[in-house]
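Quick notes on the structure that follows.
The values are calculated or read from the model by the stated rules, or taken from the named source; none is laboratory data. Being a predicted model, the structure only gives us computed values, none of them experimental. In this analysis, Cβ positions are derived from the backbone assuming ideal geometry, glycine residues included, and neighbour counts consider all displayed protein chains.
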Amino acid sequence: MSIRSVTARLHGSDVLIIVFLLFLTAVTLVFRVPHWWLMALINCAVIAGICLLAWARQATGSRLLAAVHDWHVAPTVFFTFKELYYIIRPLHGGRDYDGLLIAADRWLFGVDPTRWLAQFSTPWVTEILQIAYTLFYLLFVAVGWELYRRGRTYEFHVFMFTCVYGFFLSYLGYFLLPAVGPRFTLHDFAAMDRDLPGVFLTPYLRWFVNFGGSVPMGVPNAEAIALTQRDVFPSGHTMMTLVVIALSFRFRIRLRYAVLVVGVLLIVATVYERYHYVVDLLGGAAFMLLCILTAGRLFRACTTSLGTLESRFPPPPGA
């Protein structure tokens, strides 16, 4: 069986995920990170599952399996994000680089931006920005669903491929410069609800965000730092929000102006809500440009060289 006979059943985003899982597996094996054998085994199982799903879709013609195959990238990419939790810190011997990011912010602005912004905080501003920050993943679903529902198949897969590629690019930044963010270093994490209160939903939404980052609520600052993911530079929220905004306008999504408004509020929230340093946002913007400028060529390479499923869907005129 040739490689092309396998990739012909896969999406381009499937190929990206498989390559990235193989990369993570190689890193765990070479550096013998804790539980390396278990992570390698799980990664192989996920790769096999993706290939099996693609084969079953083609063999059965099931619309349900087709939908699962088209959308599985969302939980699968989140799975790869959680795997970084067990890899990045051991690679750097437990060292974080927040000091470097703090110094960069102070050099650029002469202050710590999260502390400076505190003078403008009000419960309603905090509430609105926390809601916007938590809507991050729904932006992808909203744009992807509109393309999918309207039968714009080629553009849907371009969108999914670009998003997967963008997330993996941001993960490489976490490998190079692990950090935890200002809510742990410049502020007291345990006092967030007291120092930056919202109105109704803020405490629950913070719990949801912290749960995704592996941080339980109510723990002391030192324990929170030990538990949280190293996912600060570049700001993935900034990078991928800009990607979604750009693609929603490129594809003329009906909700593009709503995506723009929520996206701008979300980017402001990354600093106001103390998740990121401003230099993280600048890094996110730079990574976004790299993603947008290179994703198209990589996507076309997958469709032509590997003959992925997208090669069966003709691109719309002008694409």
**Report entry** Filtered residues of region 212-260 (kept if at pLDDT below 85 and under 26 Å from TRP145 (Cβ atoms))
**Finding:** GLY212, GLY213
Query - Whichever residue in region 90-125 is in a helix (DSSP H, G or I) and among the charged types (D, E, K, R) and, among such residues, is nearest to the chain's Cα centre (by Cα) - result: ASP98
Requested in this report: Answer yes if at least one residue in region 113-128 is touching a residue at least 60 places away in the same chain (Cβ under 8 Å), of a type in the set (Lys, Arg) and on the phi < 0 side of the Ramachandran plot, and no otherwise.
Outcome: yes
Query raised in the report: Say we look at region 70-89 and pick out the residues that are of a type in the set (Ser, Thr, Tyr) and within 13 Å of the chain's Cα centre (by Cα); which of these is farthest from VAL27 (Cα to Cα)?
Result: THR76
Report summary line: If we take region 1-87, then helices (runs of 4 or more DSSP H) inside it with 1 or more residues that are over 30 Å from GLU146 (Cβ atoms) and free of Cβ contacts under 8 Å to residues at least 40 places away in the same chain are 3-7, 12-31, 36-60
Report summary line: Flagged in region 129-154 as of a type in the set (D, E, K, R) and either modelled with pLDDT of 95 or more or outside any helix (DSSP H, G or I) (or both), in numbering order, are GLU146, ARG150, ARG152
Query - Residue among VAL215, VAL232, VAL244, VAL219 that is in a loop (DSSP other than H, G, I, E, B), in contact with a helix residue (DSSP H, G or I) (Cβ under 8 Å, 6 or more places away or on another chain) and closer than 17 Å to PHE78 by Cβ - result: VAL215
Report summary line: Condition set modelled with pLDDT under 90 and out of contact with any helix residue (DSSP H, G or I) (no Cβ under 7 Å at 6 or more places or on another chain), scope region 169-211, selection surrounded by the most Cβ atoms within 10 Å (Cβ to Cβ): answer is ASN210
